[in-house]
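Here the structure comes first, spelled out in structure tokens, and everything after it is commentary.
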Amino acid sequence: MTRAVHVSPEVVDRNGTLLRAFLTDDGYWRMKTTVADVSPRYLAMLRAYEDKRFADHWGVDPLAIVRAGAQFVGAGHIVSGGSTLTMQVARILEPPRSRGIGTKLFQMMRAVQLEERYSKDEIMSLYLTLAPFGGNLEGVRAASLSYFGKPPSQIDLAQAALLVALPQSPVKQRPDRHAIRAAHGRDKVLARMVGEGVITEADAALARREGVPFARQAMPLSAPHLATRLKLRNRAATRIVTTLDASVQGAVERLAAVEQPYFGEGTALSIVVVENQTHRVLAYLGGVNYWGPNGQVDLAQRARSPGSALKPFIYGMAFDNLILHPASIMTDAPTMFGDYAPKDFEGTFQGAVTARDALRMSLNIPAVMALDRIGPLAFTTNLENSGAKLAFPAGGEAPSLPVALGGLGISLADITMLYSGIANGGTAQPLRFTMDAPQGATHRMFGPAAAFYLKQILRGVALPDGWAMGQGLTRQRQIGFKTGTSYGYRDAWSVGFSNDYTVGVWVGRADGSPRAGHVGRESAAPILLKTFQLLPPEVHADAPPPSSAILTNANDQLPPSMRVFRRESAPAPPKETTVPPPTIAFPPNGTVVPLPDPKKEKTIVLKADGGKGPLTWLVNGELIGSFDRFQPVLYTPDGEGLARITVVDAAGRSDSAQVRFKKPKPAG
């Protein structure tokens with residue numbers, strides 16, 4: 001039974017679709033096949049042609065032996081062999097060294113033993129797995145995939161007849177070498193099936209018109225990098241069930257094959273897609289041309305400089321530690337941090353900007369400023385505790401401020417895992433690549449409020465040129481994303497998330513050489529958005545913002561220009577005011593507010609009493625703007641749902657109201 005045990009290792013998707021198979025140690029495609037894996041018509045034809053009484057005999061069919069003997073006497077040569085399928089399995093398991101009556105009797109004995117030990121379906125499965133089909137093909141699945149490019153459950157009548165015929169003479173009837181003989185053997189099976197009443201003459205005539213394959217096709221090779229990695233980790237496994245979805249994986253591979261040539265020769269591409277709720281990897285592209293130069297390098301696992309792609313996690317920690325609020329004013333101007341003088345990517349400076357806009361525009365100085373407050377070691381430790389493997393420059397020095405701008409290495413798989421943590425409320429968890437992999441330990445990168453801010457901010461990042469809302473970006477699938485470009489244009493990144501999925505894209509060269517002028521926004525972001533278009537519809541809607549997401553304070557140790565928000569425990573501003581604190585007059589707290597009729601008006605008016613102007617308004621933490629005390633504030637709701645409205649005056653005092661926007665009932 002050794003041959004039946006030593007089958008080709010298979011890596012399949014979550015639904016059992018074959019992604020990749022590997023040769024056995026003895027160089028054969030020998031794929032385990034059960035009765036359920038093949039077409040019922042093929043099984044009926046096989047039994048009718050090889051062993052009509054398979055279901056009834058005990059391994060040997062006396063009637064078949066008598067018939068074969070009578071045919072031999074009458075014709076003077078062998079017309080039919082008389083061997084049952086069970087006897088054929090016995091011969092395959094123990095190949096005879098010679099021919100003769102003794103050998104045949106030995107096979108009969110082994111067939112009886114097989115029948116005593118195994119069920120009929122198990123014996124049939126042994127035949128379906130081990131029968132020879134020419135060359136290094138054994139078993140009907142291997143033959144069907146190689147000759148027809150499809151599993152045996154999907155073959156037509158002509159293909160089924162050919163697969164019935166081939167084991168009779170797998171060398172002489174091998175279709176990729178002897179097509180005429182193969183067609184003759186197939187037609188012989190069809191004629192017998194007509195005579196047995198299994199098919200009609202009309203069906204047989206139509207099947208005869210079909211050609212036979214003149215060449216073998218390549219075995220399935222989907223997600224080859226992941227399949228190889230999983231096989232090396234599970235050397236004894238014959239079947240590895242991954243978390244991938246073959247349809248999504250195939251769509252991603254086709255997209256990459258179309259996009260990669262636009263970047264020029266030598267440029268590689270990698271994509272990872274994750275389900276946020278389960279942390280299972282839905283699609284995994286380690287590279288495009290697996291058999292090409294450097295094609296077997298798994299680029300989704302290679303540590304590369306992320307450029308600006310880690311900035312959201314700096315701001316997330318700053319929000320979580322109340323160092324910043326999205327509306328805090330930061331300074332984007334030439335700044336020295338000891339002997340480190342970072343510059344913005346465009347070489348220009350924006351002056352005073354909110355933290356929200358600093359992240360959306362990916363400004364360097366504010367990001368380094370925030371990291372300086374957090375501490376580079378605390379930042380990188382948080383990422384490592386989340387499960388990310390970081391690669392630091394040689395020398396063993398402690399992490400420093402350049403990590404804000406890509407001064408470390410991280411893999412595409414790990415950075416995609418981190419971004420999935422933003423979508424999951426600030427909690428990261430290791431990715432799962434196989435269906436039997438347990439849930440990994442969770443790690444809190446930052447709290448739900450900080451994650452909520454990041455979602456809102458990254459959803460507002462400017463789309464690449466030529467893209468607009470409606471191209472896969474709808475109310476049902478709102479995407480927050482960030483890009484990154486490493487020093488010397490070596491790596492272009494884009495990582496983004498919706499409620500249900502996170503996608504990571506990397507574009508670059510496997511050898512790390514520069515690609516002048518190629519940046520994440522132009523190279524990787526369009527592929528990210530196209531990948532989202534390939535994914536199943538969203539299931540989960542936005543959760544209501546956490547109550548802690550309305551942070552109306554920021555660290556009082558910041559420079560005065562940054563103190564738009566201050567801690568409640570901080571001393572009052574130097575200039576006291578006798579004006580009462582602001583209170584929201586409309587909409588009142590706890591009320592249901594009808595959405596405006598889009599045919600008439602699209603906005604509602606926000607009103608507040610008291611407060612020292614200007615008054616700053618926020619909805620769900622998103623800045624609406626600052627207005628004079630008596631200036632009307634117009635707001636356009638996104639749609640139905642809960643909303644938390646906050647007003648903050650110039651003295652740092654605030655008031656909030658939680659309301660529900662709802663469509664009015666139609667009249668009548």
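The values are calculated or read from the model by the stated rules, or taken from the named source; none is laboratory data. Keep in mind that what you see is a predicted model, and the values were worked out from it rather than measured. Glycine also receives a Cβ, built like all others from the backbone with ideal geometry; neighbour counts cover every protein chain displayed.
Out of all the residues in the stretch 8-23, is one or more over 30 Å from R280 (Cα atoms) and either within 49 Å of the chain's Cα centre (by Cα) or modelled with pLDDT under 95 (or both)? Give the derivation first.
Pass one, the stretch 8-23, residues over 30 Å from R280 (Cα atoms): none.
No, every residue in the stretch 8-23 fails to be over 30 Å from R280 (Cα atoms) and either within 49 Å of the chain's Cα centre (by Cα) or modelled with pLDDT under 95 (or both).
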Check the stretch 400-419 and report whether any residue there is surrounded by 14 or more Cβ atoms within 10 Å (Cβ to Cβ) and more than 31 Å from the chain's Cα centre (by Cα). yes
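Scan the stretch 95-109 and give yes if some residue there is assigned to a helix (DSSP H, G or I) and basic (K, R), otherwise no.
yes
State the number of residues belonging to the stretch 637-648 that are exposed (fewer than 13 other Cβ atoms within 10 Å of the Cβ) and either free of Cβ contacts under 8 Å to residues at least 60 places away in the same chain or farther than 23 Å from R459 by Cα (or both).
Within the stretch 637-648, residues that are exposed (fewer than 13 other Cβ atoms within 10 Å of the Cβ) and either free of Cβ contacts under 8 Å to residues at least 60 places away in the same chain or farther than 23 Å from R459 by Cα (or both) number 1.
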Exactly one of these conditions fails for T331: (1) of a type in the set (S, T, N, Q); (2) within 22 Å of G406 (Cα to Cα); (3) in a loop (DSSP other than H, G, I, E, B). Give me its number. (3)
Taking the condition under 30 Å from S547 (Cα atoms), within 25 Å of the chain's Cα centre (by Cα), in a loop (DSSP other than H, G, I, E, B) and of a type in the set (A, V, I, L, M), does A388 pass? yes
Lone qualifier among A352, A378, A367 - being surrounded by fewer than 19 Cβ atoms within 10 Å (Cβ to Cβ) and at pLDDT 95 or above: A378
Let me confirm something: among A218, A191, which residue is free of Cβ contacts under 8 Å to residues at least 24 places away in the same chain and not assigned by TED's automatic domain parsing to the domain that holds R47? A218
Got at least one residue in the stretch 8-29 being among the polar types (S, T, N, Q), in contact (Cβ under 8 Å) with a residue 40 or more places away in the chain and in contact with a Leu (Cβ under 7 Å, 6 or more places away or on another chain)? yes
Six or more apart or on different chains, Cβ atoms under 9 Å: show the pairs whose first residue is in the stretch 97-108 and over 13 Å from S83 (Cα atoms) and whose second is in a helix (DSSP H, G or I) and hydroxyl-bearing (S, T, Y). R97/T103
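Looking at D357, D344, D339, which one is of a type outside the set (S, T, Y), surrounded by 16 or more Cβ atoms within 10 Å (Cβ to Cβ) and free of Cβ contacts under 8 Å to residues at least 12 places away in the same chain?
Working: D344 fails: free of Cβ contacts under 8 Å to residues at least 12 places away in the same chain; D339 fails: surrounded by 16 or more Cβ atoms within 10 Å (Cβ to Cβ).
Matching residue, one of D357, D344, D339: D357.
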I need the full set of residues from the stretch 247-292 which are in a strand (DSSP E or B), more than 10 Å from the chain's Cα centre (by Cα) and under 25 Å from G421 (Cβ atoms), in order please. L269, S270
Residue satisfying condition, being assigned to a loop (DSSP other than H, G, I, E, B), within 30 Å of V507 (Cβ to Cβ) and in contact with a Phe, Trp or Tyr (Cβ under 9 Å, 6 or more places away or on another chain), within set L226, L244, L230: L244
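Criterion first (aromatic (F, W, Y), in contact with a Ser or Thr (Cβ under 9 Å, 6 or more places away or on another chain) and at pLDDT below 95) does Y501 satisfy it?
Numbers: aromatic (F, W, Y): yes; in contact with a Ser or Thr (Cβ under 9 Å, 6 or more places away or on another chain): yes; at pLDDT below 95: no.
So Y501 does not fit the description; no.
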Could you grab me the full set of residues in the stretch 132-157 that are hydrophobic (A, V, I, L, M, F, W, C), farther than 14 Å from Y42 by Cα and buried (at least 22 other Cβ atoms within 10 Å of the Cβ)? F133, L137, A142, L145
Just to be sure before I move on: is P62 exposed (fewer than 14 other Cβ atoms within 10 Å of the Cβ) and modelled with pLDDT under 90 in the structure I sent? yes
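If I ask for residues that are of a type in the set (A, V, I, L, M) and part of a strand (DSSP E or B), which ones from the stretch 111-149 would you list? Step through it out loud before you land on a result.
Step one: list which residues in the stretch 111-149 are of a type in the set (A, V, I, L, M), which gives 111-112, 114, 123-124, 126, 128, 130-131, 137, 140, 142-143, 145.
Hit for the stretch 111-149 is L137, nothing else.
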Here is a list of conditions, (1) under 27 Å from P132 (Cα atoms); (2) polar (S, T, N, Q); (3) surrounded by fewer than 21 Cβ atoms within 10 Å (Cβ to Cβ), and S247 meets all of them except one; can you say which number that is? (1)
Is it true that some residue in the stretch 293-314 is assigned to a strand (DSSP E or B) and either charged (D, E, K, R) or under 24 Å from Q439 (Cβ atoms) (or both)? yes
For the stretch 583-627 the number of residues that are under 48 Å from the mean Cα position of the chain (by Cα), outside any strand (DSSP E or B), buried (at least 17 other Cβ atoms within 10 Å of the Cβ) and modelled with pLDDT of 85 or more is 1
For residues in the stretch 347-385 being β-branched (V, I, T) and not in a helix (DSSP H, G or I), which is farthest from T442 (Cα to Cα)? T348
